[in-house]
Structures are given as C-alpha cells and as structure tokens.
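The values are calculated or read from the model by the stated rules, or taken from the named source; none is laboratory data. What you are looking at is a predicted structure, and each value in this text was computed from that prediction instead of being measured. Cβ sites come from the backbone with ideal geometry, for glycine too, and all protein chains shown count toward neighbours. With ligands, DNA and RNA removed, areas are computed over all heavy atoms of the protein, side chains included. Shrake-Rupley method; radii C 1.70, N 1.55, O 1.52, S 1.80 Å.
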Amino acid sequence: MLSHLAKDHDLAALVLHDDDETPASSGPAMRAYCREVTFVRNPNGAAGWRRRALQFRSWLSGRSYQRHLFAVPAFQAALDRALGSQRFDVVFVNLPYLAHYGVRRSPPGTATPAVVIDSHDVGYDLARQIATSAASFGRRLHAKLNWRKLAREELAAYNAADGVCVCSTADQNRLAADAPSANTCVIPNAADVEHLQPRASYPAPDGRTVLFFGLLASVPNVDGVSFFLREIWPLIASARPDTRFVVVGANPAAEILAQAGPRVTIVGPVDDLRPHLSAAAVVVVPLRLGSGTRLKILEAWAMARPVVSTTLGAEGLEGVPGQHLLVADDPADFARAVLRVLGEPALANELGRAGRALAAERYSWRGAARSLEAFFRQTLARRDPAMPANRGSAT
C-alpha cells in the first residue's frame, strides 16, 4: 500500500515493533519508498509469563490489554520529533490500538494533520466472539474481561478520528451501529497480484495436498485449524487415503504442533509462500471467528488456487459461492466440498481461474492505494472545503 502511495506522495513511517529482527528485515525495503523510517522497540511485546503478567495487570485496571501492550513513551517521543519538525497532511494510524498517542501535532503556526485509522478488523467484536467460543478457558476468560474495555477505547478512537478505513461493508455496518459519528470508508484488503501469480517454474498442483496458511498464533487461526483437524480432516482422510494436510505459517501454537503426524505436516514460516500454494490441490479456510477480510483467500486466488471456506471466512469478499470458491459451515458439508475439488480437476481449475480474475480486477494493492488516496482527499476536504482537489498530500 505504502509503496504505491509513495509514487505521488512524501511518506514518513514510524514503526513500533516487537522483535530485534524487524529493523534489519524491513528497514531497507521501507526506505526505498519512505523518506524517513523510524523503528521503536516495544519493551512490552513479550511472550510467556511476561505476557501473562501484562494480561493480569490489565484485568485489574480500567484499560484494555492492548492499551497496556502499546503504551510506549519512547514511541510518543519519536512521534513528537517527527510531527514537530515537518507538517504532514495526514497521519495514517495502523490499527486503533495506537490511536491513543498524541498525533494531532505540527510545527508552530501550521495546521494539525488529519487522523485516519486503518482498522484491519473490528478488534472488540473479535474479542467478544472469543469470549463465547470453543477457545481454551484462559483465552475465553481473558477475552471476557477485556472486550468491553477494548470496545470503549476502540469506539472512542473511531469517533474522534477524521476518517476510519475498514476492510468490508460488514465491518462498516458494525461501526455504523456502534460508532455512528465515525467517517468510514471501505478500503478492501488486497494481494500483490503481480508477485503472486501462477508460473511454469512453480510445482504443479499435486492433486492431494490440502493447504492452510496464516499466522498460527492468532486465536481465529488456531481455532480454525483445530476445528478442521478434529471434525473435518478425518472425513477427508478416510475417503481419500492419499491426501495430506499441510499447515504453513509463523509461530505455530502448541495445540497445532501437537497435531503433526504422517499425513499432517506443520511447516512453520517460509520465505516464499508461492511454491507451497502452487503445489496445493485446494486451500481451506475453516474459520469460525474473526472480522475484516481474509488475506489468505485473496492470496490463494491470486495464485489461481481453488478455495473452500466457511461463510465467516469468506465474509466481506465479493466472491460468489460456486463460482469463485466453495462455501460450507457444517463439517460434513465442508469435507464434501474439499473432496469435490480433489476429485474434479475441471472444477478446481475453473475456481482457480475465476478467483485469479477477481483478485486481479478487485483486490490489487494498486487499486486499494488509489481508493485510500481518494479517501484521504475526501477527509481533508471535509476539514477544509477550500483545499484544491488536486493538492498533493504528505502522509
């Protein structure tokens, strides 16, 4: 998104990161399209007992866990330096969890920037879902104690911002009910359709690999993979003894690692997802929790792979069931849909072709960047109706 915006605008990025590798791995690429990039280490971003201690601390306070996690004075100091040295038209806040920082600042005598929040999903709604889900007792307890605090903070951020980007009309409708003062716009998630596309050099689909990919520490993905392995995979495996289930993604949770076996492979993170996608006979998205839209479906479509998803997994995307993907929620129906794709190569090819065409037409990052730029201009015009429509905005 930023690389496309940088073609016409002057960008500076401030990144709050959790690990020591991020500046070295992301910095060189970001500096190719950002005039300035500042990395600030989050000392709160810990796992294990430190994470549990932070959760417990949040339970005893009036603030959400996310507010405690992302409260870093050094990050505010970096923002003060950046915003005080040059005037920006827009501050684009990636996720509402950073919206508590003071960003309406500018050099003396200049107008403060507009604030636009990028909401990848409706976090408090996801937390509310987890509180009554089949997740572990500890996750459900934390979500139950946290989601109302998170809702209060998140909705206040949306109402106070000049604009809010959401990924789907479903999320826009949620905010219309919960944050009626928010100025929202749907900016769809996207895929790098130039990078992700079928090539002759990649492995051909093997006709037997069922693939899931995504961040394997997130609660929706852990729940989805566990649900698939417990209730859907046995039906597929018994009907097609040659099939195998491959799970690709970073930070696999212990309950996922425990499922590895002769026909279930937990790959972990990979440097290049394309060969794994290319070799897969079908990509599954068995999600039961979440909001926003699923990048995994867009990326599978971009690689022309057939997708079988739950209704919630496909929520917010324009794909037509039966044309761009197959949709099923009942475990037996989901298994039958996967077996159908495995057993009907012509159907698999047609779903992949239609998905690729839809991704290229509706879900490219270039198109998303154009929509975001238009929303920036609209937001600035709401604040200052005299602003010329063609004025270039620094972001």
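Determine the pairs where a residue that is more than 20 Å from LYS7 (Cβ to Cβ), located within the stretch 356-375, has a partner that is among the aliphatic types (A, V, I, L, M) with Cβ atoms under 6 Å apart, the partner being 6 or more residues away or on another chain.
ARG356/ALA304; ALA359/ALA191; ALA359/VAL193; ALA359/LEU298; ALA359/ALA302
Please verify whether the stretch 61-68 includes one or more residues that are in contact with a helix residue (DSSP H, G or I) (Cβ under 6 Å, 6 or more places away or on another chain), outside any helix (DSSP H, G or I), of a type in the set (Phe, Trp, Tyr) and crowded, with 16+ Cβ neighbours inside 10 Å.
No: zero hits.
So for the stretch 74-83 (the condition being open to solvent by less than 20 Å² (accessible area, probe 1.4 Å), closer than 22 Å to VAL40 by Cβ, assigned to a helix (DSSP H, G or I) and without any contact (Cβ under 8 Å) to a residue 60 or more places away in the chain), does at least one residue qualify?
Yes, the stretch 74-83 has at least one match.
What are the residues in the stretch 177-196 that are loosely packed, with under 15 Cβ neighbours inside 10 Å and either modelled with pLDDT under 90 or not charged (D, E, K, R) (or both), if any?
ALA177, PRO180, SER181, HIS195
Taking the options GLY123, GLY84, GLY163, name whichever one is under 28 Å from ALA314 (Cβ atoms), touching a Pro at 6+ places or on another chain (Cβ under 8 Å) and not hydrophobic (A, V, I, L, M, F, W, C).
Sole residue among the options that is under 28 Å from ALA314 (Cβ atoms), touching a Pro at 6+ places or on another chain (Cβ under 8 Å) and not hydrophobic (A, V, I, L, M, F, W, C): GLY123.
If a residue has to be touching a strand residue (DSSP E or B) at 6+ places or on another chain (Cβ under 9 Å) and farther than 17 Å from GLY123 by Cβ to count, how many in the stretch 46-72 make the cut?
1
With respect to ALA134, determine if the residue is open to solvent by 10 Å² or more (accessible area, probe 1.4 Å), in contact with a strand residue (DSSP E or B) (Cβ under 7 Å, 6 or more places away or on another chain), in contact (Cβ under 8 Å) with a residue 60 or more places away in the chain and not aromatic (Phe, Trp, Tyr).
In short, no.
Would you check if VAL91 is closer than 16 Å to PRO113 by Cβ, of a type outside the set (Gly, Ala, Ser), open to solvent by less than 50 Å² (accessible area, probe 1.4 Å) and modelled with pLDDT of 95 or more?
yes
So, in the stretch 187-246, of the ones that are of a type in the set (Val, Ile, Thr) and assigned to a loop (DSSP other than H, G, I, E, B), which residue ends up nearest to the chain's Cα centre (by Cα)?
ILE187
Failed condition for SER309, given (1) open to solvent by 10 Å² or more (accessible area, probe 1.4 Å); (2) without any contact (Cβ under 8 Å) to a residue 40 or more places away in the chain, with all others met?
Against the list (1) open to solvent by 10 Å² or more (accessible area, probe 1.4 Å); (2) without any contact (Cβ under 8 Å) to a residue 40 or more places away in the chain, SER309 comes up short only on (1).
From the list ARG174, ARG199, ARG152, which residue is at pLDDT 95 or above, open to solvent by 30 Å² or more (accessible area, probe 1.4 Å) and not aliphatic (A, V, I, L, M)?
Among ARG174, ARG199, ARG152, only ARG152 is at pLDDT 95 or above, open to solvent by 30 Å² or more (accessible area, probe 1.4 Å) and not aliphatic (A, V, I, L, M).
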